[in-house]
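J.: Before I ask anything, here is the structure I am working with.
The values are calculated or read from the model by the stated rules, or taken from the named source; none is laboratory data. Just so it is clear, the model here is predicted, and its values are computed rather than measured. Methodologically, a virtual Cβ is constructed for each residue, glycine included, from the backbone with ideal geometry; neighbour enumeration extends over all protein chains shown.
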Amino acid sequence: MALLEIKNLSFTYQGASNKALRDINLEINQGDFVLFCGESGCGKTTLLKLLKKQLRPNGSLQGQITYNGTNIENLDEKQSVCEIGYVMQNPENQTVTDKVWHELAFGLESLGEKTAVIRRKVAEICGFFGIGSWYHKRTCELSGGQKQLLSLASVMVMNPSVLILDEPTAQLDPIAASEFLQSLRKINQELGVTIIIAEHRLEEVFPMASKVVLMDKAQVFLCDTPRNIGQRLANDDMSHKMSLALPTAVRVFYKTQGTGQTPLTVNEGKQYIASNFAGSNTTCSFEKASRQEVALQISEGYFRYERDLPDVLNGVDIEVYKNEFLCILGANGAGKTTLLRVLSGLKRLYKGKYRLWGKKIKDYNGNSLYRGNIACLPQNPQNLFVKSTVYDDLMETAKVVNANVEQCKSMVEEVAQKLDIAHLYQSHPYDLSGGEQQKAALAKILLMKPSIILLDEATKGLDAYSKQTFAQVVDALKKDGKTIVMVTHDVEFAAEHADRCAMFFDGQIVSCDNRVDFFATNRYYTTATARMTRPYFTNAVTVDMAVELCNLNKGAK
Amino acid sequence: MKYFDRLHPAVAFVYFALMIAISMLTTNPVVIAVSYLSSIVFCGMLIGGRQLMVSLAYNLPLLILLSATNPIFVHKGETILFFLNDNPVTKEAILYGVFASMMIMSVFYWFKCYSTVMTSDKFIYLFGRIIPKLSLVLSMSIAFIPKLKRKYKEIDEAQKALGIYSGKGMVDKIRSKFRVLSILLTNSLESSIDTADSMRARGYGLKGRSSYAIYKMTASDKILCALFILVGTASIVLIVLGTVDFNFYPTLSPISLQALQIVAYAIITAFAFAPTILEVKENVLWRCLKSKI
């Protein structure tokens, strides 16, 4: 008998007219590692929440979900709490208490365990996850990745047999995300805990899964092993949206109409290319953007937050040209966001020069810096919204620049058209999906008519499809003559869409080049495609470039 | 780690409660001086000499200011030293000012020691026992404050960079802060839904919730606690019974050194300096152990 069985499940939220889930049939066995993927809003979260009795949303449900043969609804409260663990997306919000030890003990306290029992279990869990050294720390001192690991540990301490995770790495940087996924693998492999996870970034988690469930429009679109998914997608529907999110190796495989076993990892992909496409065509041609005038420039900039603290910017030199899209990449805590703060004028260099359109930043008085010159999209777009509908919010901003209501209206209309958000006018900004929020926030910024737009990790937590839409928006902005600077961890996005990329390390820009040469030269900090195609191709940094070379070599043969 | 930090929270709490009570119960200059000195010395041990110097740099001028205020406004007392604007300045009023402000300062330093030792989780542990729900609420609010602070800063910067407010002029400033607060409120409400889910997912609301703590009452904790209670209450009893009563007005009462008074002073001094002595003892012990290694 399957551990979890979902039979003919349909679900409609209270007050909604459309079904959030339609005719879902799934079986999940003990020890499975099930990966749910699909565009945001396809019903992943709803399905996962329905599996946990305590989190069931309100609405009408047909069909049933059974756990060990018992309907989830009829499960004993305690059993449901202990045996089905649930980890959410935002590490910040799911941390409840102020101390690490208290957070770990929280679930066991709820179960009414004795102090001695709690002490033993918590000690064990600390050992398993290697987090003993944080035991006495305050939760607010932890980094995002550490917090998420703590959330995982504080669920695992109750010894669940099923662990449900809803986009657990969406808010983490790549290193922390990878560490987190390794912990999941360990839990699955060493403890035999069944893992059910929804994710957008599939590069790493895809090969780990024993079963992948692809969801589309409230339905299960495909459900198979990772290797078969690759093949079936290749056979079925080449242009399926979800294929964008698949790991590089899989995408290269089906775009080159590969046969045989699907490669899942970079290593397997490399072998696939070696045996099929090694040939004389090794270099892609690409277009280099022509340089225009300098939009902003920092020379030998130094910045620190406090006198006694070390320099965060340590003689940084950066030039951004007009009408280009520059991505600044770098490790967590390297000071990328600080650089952005300096660029946006929120912080001032204590040494060095910062010129914007050739004029010293100091000479921009009051708000002149932010009106028509520079605008910054924060990491969390929610930080911008004030009003209760998108339209009111945009109008409010428009009124700052225009006196005339009619002018405001036409301005909002124009921006909304450009970003395709007119249909969201009456929604509450918080109800939008991540990608939509991003666009609404961008619209708000565009109303200030900036010539330079600064983006802080704008692709964080977005699914592959929203990312593509976002890239289109960025392209459109570039066509309008805007200059865009983005700090990001997302190497794949940078490799595909940036004009130039810069590497930030130790308070300085250590390398800066056009996107292809940048990632082709990098050995470690580069895209999966570049790692996979080397040494057969010299500068294939995106999937499309790799596929192009593959096809050329195939034709030559 | 300091010795007092390692004590069971209840022991430390008992000590501070008794000591602060003693410091406030009497106007006896000897007791006040003892309390003042011991509080400063102990505080120095807890926060380090440099930090102490910094705080004294603020506190000593304040002490002088407070002391000077009393004789300017109060003209009681029989020993007139001189006239200020035709008002008599008396020796009694001056001394009362000095000791009253010393008392305030000693209480201040005891509280400083208290807040260094009794971190939030210790406090929660102690009072969570009495009201289990409260302990969780306290713990959650303490976790919430740094989150809120960080969010506030984030939102403030986001709004500033949007260029909607200029930040010049009082009205504009207030309006902009109001905006930030309103966003913060919506934001926090939104995130608290997640927090509630996370709590429910981990069984919050089930019957028979227990309360876990990392503190253990050891035998030496118990002995020390008993000693503190004994000596502390003895001091308070002696004070309340009037053994060390002292009046500043109209004339200073003499400080008598009868057997009973000597005993009272000895007990209070011993109690006041107990933490310092324990800390020094610990340091010496550590040195000995280290030299043996």
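J.: Among strands (runs of 3 or more DSSP E) lying entirely in the range A:185-292, which contain 3 or more residues that are surrounded by 15 or more Cβ atoms within 10 Å (Cβ to Cβ) and of a type in the set (Phe, Trp, Tyr)?
T.: none
Let's see how each residue does on (1) polar (S, T, N, Q); (2) surrounded by 18 or more Cβ atoms within 10 Å (Cβ to Cβ); (3) closer than 23 Å to B:Phe4 by Cβ:
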{"site": "B:Met19", "(1), (2), (3)": "no, yes, yes"}
{"site": "B:Thr26", "(1), (2), (3)": "yes, yes, no"}
{"site": "B:Val31", "(1), (2), (3)": "no, yes, yes"}
{"site": "B:Ile40", "(1), (2), (3)": "no, yes, yes"}
{"site": "B:Cys43", "(1), (2), (3)": "no, yes, yes"}
{"site": "B:Gly48", "(1), (2), (3)": "no, no, yes"}
{"site": "B:Leu65", "(1), (2), (3)": "no, no, no"}
{"site": "B:Pro71", "(1), (2), (3)": "no, yes, no"}
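J.: With the condition being surrounded by 20 or more Cβ atoms within 10 Å (Cβ to Cβ), I'd like the strands (runs of 3 or more DSSP E) fully within the range A:1-69 carrying at least 3 qualifying residues.
T.: Filter on the range A:1-69 gives A:4-13, A:21-28, A:33-37.
J.: Sort through B:Ile142, B:Ile164, B:Ile124 and tell me the only one that's at pLDDT below 90, facing chain A (nearest Cβ under 7 Å) and closer than 19 Å to A:Trp101 by Cβ.
T.: B:Ile142
J.: I'd like to check something: does the range A:125-139 contain any residue that is over 28 Å from the mean Cα position of the chain (by Cα), surrounded by fewer than 19 Cβ atoms within 10 Å (Cβ to Cβ) and within 10 Å of chain B (Cβ to nearest Cβ)?
T.: Checking the range A:125-139: at least one residue is over 28 Å from the mean Cα position of the chain (by Cα), surrounded by fewer than 19 Cβ atoms within 10 Å (Cβ to Cβ) and within 10 Å of chain B (Cβ to nearest Cβ).
J.: Does B:Phe108 meet the test of being surrounded by 15 or more Cβ atoms within 10 Å (Cβ to Cβ) and out of contact with any Leu (no Cβ under 7 Å at 6 or more places or on another chain)?
T.: Against the criterion (surrounded by 15 or more Cβ atoms within 10 Å (Cβ to Cβ) and out of contact with any Leu (no Cβ under 7 Å at 6 or more places or on another chain)), B:Phe108 qualifies.
J.: Inside the range A:79-94, can you point out the residues that are under 20 Å from B:Phe144 (Cα atoms), more than 7 Å from every other protein chain (Cβ to nearest Cβ) and outside any strand (DSSP E or B)?
T.: Once the filter is applied, which keeps residues that are under 20 Å from B:Phe144 (Cα atoms), more than 7 Å from every other protein chain (Cβ to nearest Cβ) and outside any strand (DSSP E or B), the range A:79-94 yields A:Gln89, A:Pro91.
J.: Quick check, is A:Ser388 within 30 Å of A:Asn90 (Cα to Cα) and not in a helix (DSSP H, G or I)?
T.: Answer is yes for this residue.
J.: Working only within the range A:491-519, note down all residues that are of a type in the set (Lys, Arg) and over 18 Å from A:Leu340 (Cβ atoms).
T.: Residue satisfying the conditions is A:Arg515 alone.
J.: Of the conditions (1) within 12 Å of chain B (Cβ to nearest Cβ); (2) assigned to a loop (DSSP other than H, G, I, E, B); (3) without any contact (Cβ under 8 Å) to a residue 60 or more places away in the chain, A:Arg371 clears all except one; give me its number.
T.: (3)
J.: Exactly one of (1) of a type in the set (S, T, N, Q); (2) under 30 Å from B:Lys153 (Cβ atoms); (3) over 24 Å from the mean Cα position of the chain (by Cα) is unmet by A:Gln437. Its number?
T.: (3)
J.: Which residue, of A:Val157, A:Val162, is touching a strand residue (DSSP E or B) at 6+ places or on another chain (Cβ under 6 Å), within 14 Å of another protein chain (Cβ to nearest Cβ) and either of a type in the set (Phe, Trp, Tyr) or within 20 Å of A:Ile195 (Cα to Cα) (or both)?
T.: A:Val162
J.: Restricting attention to the range B:9-50, and to residues there that are polar (S, T, N, Q) and closer than 18 Å to B:Tyr96 by Cβ, which single residue is farthest from the chain's Cα centre (by Cα)? Before you say what the answer is, go through the steps one by one.
T.: Taking the range B:9-50 and keeping what is polar (S, T, N, Q), we get B:23, B:26-28, B:35, B:38-39.
Add one more test, that the residue is closer than 18 Å to B:Tyr96 by Cβ, and what stays is B:23, B:26-28, B:35.
Details: B:Ser23: 12, B:Thr26: 19, B:Thr27: 20, B:Asn28: 21, B:Ser35: 14 Å.
Applying the filter and picking the extreme gives B:Asn28.
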